[in-house]
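Accompanying notes for the structure given below.
The values are calculated or read from the model by the stated rules, or taken from the named source; none is laboratory data. All values derive from a computational prediction rather than experimental measurement. No Cβ is skipped: glycine too gets one built from the backbone with ideal geometry, and neighbour counts run over all protein chains shown.
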Amino acid sequence: MKRFQFRLETPLKLRRRKVDKVSRSLAEARAEVLAARRKLDGLEQERRHWFETRPVNAAGELDVVRDRRRVEYLDLMDLKIAAAQQAMVPLLATVSARESELRDAVRDREILERLKEIRHRSHKDDVRALETKRADFAAATLFRRNAP
C-alpha cells in the first residue's frame, strides 16, 4: 500500500506560514507598545521630578521667575504626557487586532492539523486491515495446500 500523502499539505504549510507571520507582526506591535510605555514612563518621571523641586535663590527664598518657568514646563510636560497617551491608543488597538488575527490563524492551522492526523490514523487503520486480510489469505492458502 502507498505511503500516507496528505492532499491538503500545501494549505497547511500556508497556514503555518501565516501563523509565523502574524506572530512576528504581533511581537513587533508589542515592542512598539513597550517603547511607547517606556517613553510615557520617562515623561511621567521627569514631570514628577520637576513637580517636587522648588527653585530657590541664593538667599534660600523661592525664586518666582524660575518657579513660573517650572510651572510652564510642567504644563508642557502635561501636554506631552497626554500626547503620548493618545499615541498609545492606536498601538494598543493594533496589538488587539493582531492578537485576534493570530487566534484565527492558529485555529485554522489546528483544524487542518487535526484533519491530517485523522486522515493519517485512518490510513494506518486501512493499512493494518489490508495487512491482516493478506495475512489471513496467506494463512488460508497455506492451510489449504497442506490439508490432506
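Here are a few things to note about the model shown:
- Of all the criteria given as (1) more than 30 Å from PHE4 (Cα to Cα); (2) surrounded by 12 or more Cβ atoms within 10 Å (Cβ to Cβ), the one not satisfied by ASP108 is (1).
- Among the conditions (1) surrounded by 12 or more Cβ atoms within 10 Å (Cβ to Cβ); (2) over 30 Å from ASP125 (Cα atoms); (3) in contact with a helix residue (DSSP H, G or I) (Cβ under 8 Å, 6 or more places away or on another chain), the only one that ALA97 does not satisfy is (3).
Yes/no per residue for (1) polar (S, T, N, Q); (2) farther than 30 Å from ALA129 by Cα; (3) at pLDDT below 90; (4) surrounded by 15 or more Cβ atoms within 10 Å (Cβ to Cβ):
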site: LEU12; (1), (2), (3), (4): no, no, no, yes
site: SER25; (1), (2), (3), (4): yes, yes, no, yes
site: ARG38; (1), (2), (3), (4): no, yes, no, no
site: ARG48; (1), (2), (3), (4): no, yes, no, no
site: ARG68; (1), (2), (3), (4): no, yes, no, no
site: VAL71; (1), (2), (3), (4): no, yes, no, no
site: ASP78; (1), (2), (3), (4): no, yes, no, no
site: PRO90; (1), (2), (3), (4): no, yes, no, no
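- Here LYS2 fulfils each of the conditions (1) within 32 Å of the chain's Cα centre (by Cα); (2) exposed (fewer than 11 other Cβ atoms within 10 Å of the Cβ); (3) within 30 Å of ILE111 (Cα to Cα) apart from (1).
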